[in-house]
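One structure is given here, and the rest of the page talks about it.
The values are calculated or read from the model by the stated rules, or taken from the named source; none is laboratory data. Model, not experiment: these values are computed from the prediction. Note that each Cβ is placed from the backbone with ideal geometry, even for glycine, and that neighbours are counted across all protein chains shown. Just so you know, the surface numbers come from the protein's heavy atoms only, side chains and all, with ligands and any DNA or RNA stripped out. Shrake-Rupley method; radii C 1.70, N 1.55, O 1.52, S 1.80 Å.
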Amino acid sequence: NAGVMQNPRHLVRRRGQEARLRCSPMKGHSHVYWYRQLPEEGLKFMVYLQKENIIDESGMPKERFSAEFPKEGPSILRIQQVVRGDSAAYFCASSSGSNGGETQYFGPGTRLLVL
Amino acid sequence: DAKTTQPNSMESNEEEPVHLPCNHSTISGTDYIHWYRQLPSQGPEYVIHGLTSNVNNRMASLAIAEDRKSSTLILHRATLRDAAVYYCILRISGTYKYIFGTGTRLKVLA
């Protein structure tokens with residue numbers, strides 16, 4: 001009865017490197033959401049994906065950030081050429097649907113530190 | 001974006017009930033009210049949600065005002081493990097975005 005899984009839990013990168021964050025949704029869930037949390041703040045929506053489709057990426061920075069949810073395998077949030085301001089906790093959530101009261105269940109997060 | 005207003009922090013004694021308030025005056029008729037909590041260094045954990053009627057589950061109760069412009073999360077007997085940031089979130093009908101505020105930091109005193 002695994003919940004949402006994210007890895008790695010902690011990631012350290014130097015400025016200019018790439019960061020890849022992975023998310024495996026709960027069993028039976030095909031909707032994935034990514035959120036970012038800066039210190040002492042609430043979570044901010046980034047992107048919503050279904051299998052092989054990006055539904056809403058309105059919260060994603062225009063450059064350097066991308067997300068995918070392939071037919072097989074986990075969802076990936078990719079940050080290219082990281083900068084210090086990308087340091088944050090990144091949370092993935094999943095749900096069984098998206099239009100009603102379906103609850104989103106969150107993973108433990110990946111804490112990214114950019115040196 | 002739908003907005004909720006919560007006190008920044010609250011304190012409670014262990015074994016006593018806790019009432020965490022939330023104002024959501026812009027709520028529409030079909031918007032859901034969700035509560036999550038976040039323990040230190042963890043992801044948000046679902047607590048409870050409701051639409052119009054009061055709701056109970058093993059973790060908590062949710063009392064929704066008749067006009068739906070406010071709600072209260074009730075923890076019946078606070079324990080030290082309930083110390084967390086509690087988020088009240090409006091789930092806009094027909095959408096999927098959760099709009100998080102800064103939440104209420106609950107401190108439980110032994």
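Quick one: in segment B:23-54, which of the residues that are β-branched (Val, Ile, Thr) and open to solvent by 60 Å² or more (accessible area, probe 1.4 Å) is nearest to the other protein chains (Cβ to nearest Cβ)? Selected residue: B:Thr30. Scanning segment A:15-72 for residues that are surrounded by fewer than 18 Cβ atoms within 10 Å (Cβ to Cβ), part of a strand (DSSP E or B) and either at the interface with chain B (Cβ under 10 Å from one of its Cβ atoms) or touching a Leu at 6+ places or on another chain (Cβ under 6 Å) (or both) yields A:Lys44, A:Ile55, A:Asp56. Selection of segment B:1-22 for residues being assigned to a loop (DSSP other than H, G, I, E, B) and not hydrophobic (A, V, I, L, M, F, W, C) yields B:Asp1, B:Lys3, B:Thr4, B:Gln6, B:Pro7, B:Asn8, B:Glu14, B:Glu15, B:Glu16, B:Pro17. Please verify whether B:Ser70 is among the polar types (S, T, N, Q), more than 14 Å from every other protein chain (Cβ to nearest Cβ), more than 25 Å from A:Ala93 (Cβ to Cβ) and touching a residue at least 24 places away in the same chain (Cβ under 8 Å), treating the condition exactly as stated. Taking the combined requirement at face value, the residue satisfies it. What residue, among those in segment B:79-98 that are of a type in the set (A, V, I, L, M, F, W, C) and at pLDDT 80 or above, is nearest to the chain's Cα centre (by Cα)? Looking at residues that are of a type in the set (A, V, I, L, M, F, W, C) and at pLDDT 80 or above, I get B:Cys88.
Scanning segment B:98-110 for residues that are within 14 Å of chain A (Cβ to nearest Cβ) and either surrounded by fewer than 21 Cβ atoms within 10 Å (Cβ to Cβ) or hydroxyl-bearing (Ser, Thr, Tyr) (or both) yields a total of 6. Would you confirm whether any residue within segment A:75-87 is in contact with a Leu (Cβ under 6 Å, 6 or more places away or on another chain) and open to solvent by 10 Å² or more (accessible area, probe 1.4 Å)? Scanning segment A:75-87, I find at least one residue that is in contact with a Leu (Cβ under 6 Å, 6 or more places away or on another chain) and open to solvent by 10 Å² or more (accessible area, probe 1.4 Å), so the answer is yes. Of the candidates B:Leu90, B:Leu80, B:Leu62, B:Leu75, the single residue that is crowded, with 21+ Cβ neighbours inside 10 Å and away from every other protein chain (no Cβ under 14 Å) is B:Leu75. When you check A:Ser87 against the structure, is it touching a residue at least 12 places away in the same chain (Cβ under 8 Å) and closer than 23 Å to B:Ile48 by Cα, yes or no? Against the criterion (touching a residue at least 12 places away in the same chain (Cβ under 8 Å) and closer than 23 Å to B:Ile48 by Cα), A:Ser87 does not qualify. Total residues in segment A:94-115 satisfying the condition of being closer than 18 Å to B:Gly94 by Cα, part of a strand (DSSP E or B) and more than 8 Å from chain B (Cβ to nearest Cβ): the figure is 1.
Any residue in segment B:4-12 that is within 14 Å of chain A (Cβ to nearest Cβ), surrounded by 15 or more Cβ atoms within 10 Å (Cβ to Cβ) and under 18 Å from A:Leu43 (Cα atoms)? Yes, there is a match, as at least one residue in segment B:4-12 is within 14 Å of chain A (Cβ to nearest Cβ), surrounded by 15 or more Cβ atoms within 10 Å (Cβ to Cβ) and under 18 Å from A:Leu43 (Cα atoms).
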